[in-house]
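Asks: Have a look at the structure that comes next, please.
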Amino acid sequence: MADDEDFPSSSDVEEPEVGDCYLSDHEDDIAENVLQDLEDGRQEDCNWSVTSVITKESLLAAQKEDLRKIMELLALSEQHARTLLIHYRWDVERIFELLEEKGKDRLFSEAGLTMNENKVIALSSYSDPFTCSICFEDVSPVAITEMDCGHCYCNNCWTGYFIVKINDGQSRRIRCMTPRCNAVCDEAVVRSLVNARHPDIADRFERFLLESYIEDNNKVKWCPSVPHCGNAIRVLGDIYCEVECTCGMQFCFNCLSEAHSPCSCIMWEQWTKKCHDESETVNWITVNTKPCPKCHKLVEKNGGCNLVACICGQAFCWLCGGATGRDHTWSTITGHSCGRFKEDQTKLIECARRDLYRYMHYHNRYKAHTDSLKQESNLKETIQGKIVISENKESRIKDYSWVNNGLNRLFRSRRVLSYSYPFAFYMFGDELFKDEMTSQERDLKQNLFEDQQQQLESNVEKLSMFLEKDFQDFSDEDVMENMKHVINLSSVIDRLCKQMYQCIENDLLYPLQRATHNIAPYKSKGPEKASELSVCWVSNQARSTKTTKMDVLPNHISAVNASGTTLSAKRTRQFQAASSSDESGSSRKLSKNESIGSAPLFDLNMPAEVIDKS
């Protein structure tokens, strides 16, 4: 994220000739910084995503900015521009690409947009009653409405149809009533007819159109906080990222779950389901119980003898589950012999037992680090108290910022460490990547990953130990020694986290052929905090200059793509794959420059009344 000083303050902005708002043109600088960091070998420092907060007040401003781009480029009215943007999920760059690829006529046709300036029927020239083909009533020509597609019906039929669609939640793209007509009805006509009969439903229609900027936009999503804070987050660039809303909620932008890197979204979804459902309970029952041959209730053996009895009174053999009598010796059970070996049953039980033990291994370690993170978070106030005591006592040491820095590094690395165990569970198991690696490759990669995981775990525990010490009672020499350990360990842990992510991306996930799993990049300071960007007001002259810049957008994108050859193997493949991603939602990562193009940055925290006045 660019520094705040890159944005002009309100006092620096001249009074606008016309009330128009645009994003400041600092986005190209961000793109250049990303490529420069890659060339300098600082891939972990690259800003792959630019995040911003859309509040309730600024939602209208954000929507009008995208509308204005399409209106100026294609000379459309606001309602036609909104229809086009909703169909293409508010992806302005996608519309630019398709405009060159398909042409304007096909672009409009696929979106259900009919630009028919010459009406098929000049209703004003008719004086005779008109028969509606829906209700077959004769109505006056002034009570007839014709859509851009040329189909006309009476206002009562149109209004009833619109109300049904709005109540069904289909108000963002209401199509013509005529069968097999793909045209989208003019929202101004819908608003006028519905408002005349039900103003409250017309207000709901307006709200749906406004919220379509979030509901139908792949780059904007509601914050998943509970209770809801009312904010939405917009990400320009790589959608596989972790963000922090202004309310403090940290989450994965792609799946809206809690921040779970280095797990991919698919891994985390399956892990949470596995931890909450009864799959492991079933495994435990399979391993530790046997069904009674009479009443079929599950029985757990609580002794060493293989002759067990159910509460129903039936005795049976624990080894094979067969019903028996109650008399037995050291070697035989009366009326029973289970000398036959059943291979399938034995393999089934052993497989269930092995899977259960493997799950318990990873879950116990994941739970241990998650619990440690909660406990260490509770210690934050205690440590802050120690800092206050240390700063007030007579000492040569007055700067204790290293304690807070170490504490933040501990929280970040502990979170990474806890989520690395669900990642390892699926990466080296058979659930997702059974046919992706041979046994030898799997063992080699697992050993490599677990070595890095072990080093990180060891240093995290050491850092936790030094931070929990009562340094407020130490002498200056002991404080200096403790500070040295905390600073060194913080640096080492940060480097180990970066190495682990590089290993995951380049050595584990990149070679996959049948599946693509993307993870949020590692950020030393944790999930990126979304901020509110400042508004740049421009005159009509500057506005025409921006339109000229948008006209050359596809060439600009191509130039950026051509410069992306300095990327690592993982990022290069993601940059190349982004240009071929379709609307179905490819799991390939998009490069920052491909995704955001040259769309200027602008403030989203502007009252809607200001925009309306423009």
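Asks: Using Cα pairs under 8 angstrom and six or more residues apart, how large is the relative contact order of the stretch 114-197, in percent? Intermediate results must be reported in sequence, preceding the final value.
Replies: Values: 95 pairs, mean separation 19.5, N = 84.
Relative contact order for the stretch 114-197 comes out at 23 percent.
Asks: In addition: Put +1 on the Cβ of each Lys and Arg and -1 on the Cβ of each Asp and Glu in the stretch 114-197; which of 179, 130, 155 then has its Cα farthest toward the positive end of the dipole?
Replies: Projecting each Cα onto the dipole axis, the largest value belongs to 179.
Asks: Would you kindly work out the equivalent ellipsoid of the stretch 114-197 from its C-alpha gyration tensor and give its semi-axes, the square roots of five times the eigenvalues, largest first in whole Å?
Replies: Working: eigenvalues 83, 46, 26 Å².
So the equivalent ellipsoid measures 20, 15, 11 Å along its semi-axes.
Asks: Right, next: Which of the three applies to the stretch 345-519, rounded, prolate or oblate, going by the alpha-carbon gyration tensor with a ≥ b ≥ c and a/c under 1.5 meaning rounded?
Replies: On the way: a/c = 3.47, a/b = 2.32, b/c = 1.49.
In terms of gyration-tensor shape, prolate.
Asks: A follow-up question, please. Exceeding 22 Å between C-alpha atoms, which entries from my cross-link table qualify? They are 221/434; 347/434; 274/294.
Replies: Numbers: 221/434 34 Å; 347/434 19 Å; 274/294 33 Å.
Over 22 Å apart, Cα to Cα: 221/434; 274/294.
Asks: Tell me, what is the 1.4 Å probe accessible area of residue 465, in Å² to the nearest 10?
Replies: 100
Asks: If you don't mind, another one. Share of the stretch 372-471's accessible area from carbon and sulfur, percent, 1.4 Å?
Replies: Values: 2240 of 5080 Å².
Result for the stretch 372-471: 44 percent of the exposed heavy-atom area is carbon or sulfur.
The values are calculated or read from the model by the stated rules, or taken from the named source; none is laboratory data. Here the structure is a predicted model, which means the values were calculated and not measured. When we count neighbours, we look across all protein chains shown, and the Cβ atoms used for this are built from the backbone with ideal geometry, even at glycine. Side chains included, ligands, DNA and RNA excluded: accessible areas come from the protein's heavy atoms. Shrake-Rupley method; radii C 1.70, N 1.55, O 1.52, S 1.80 Å.
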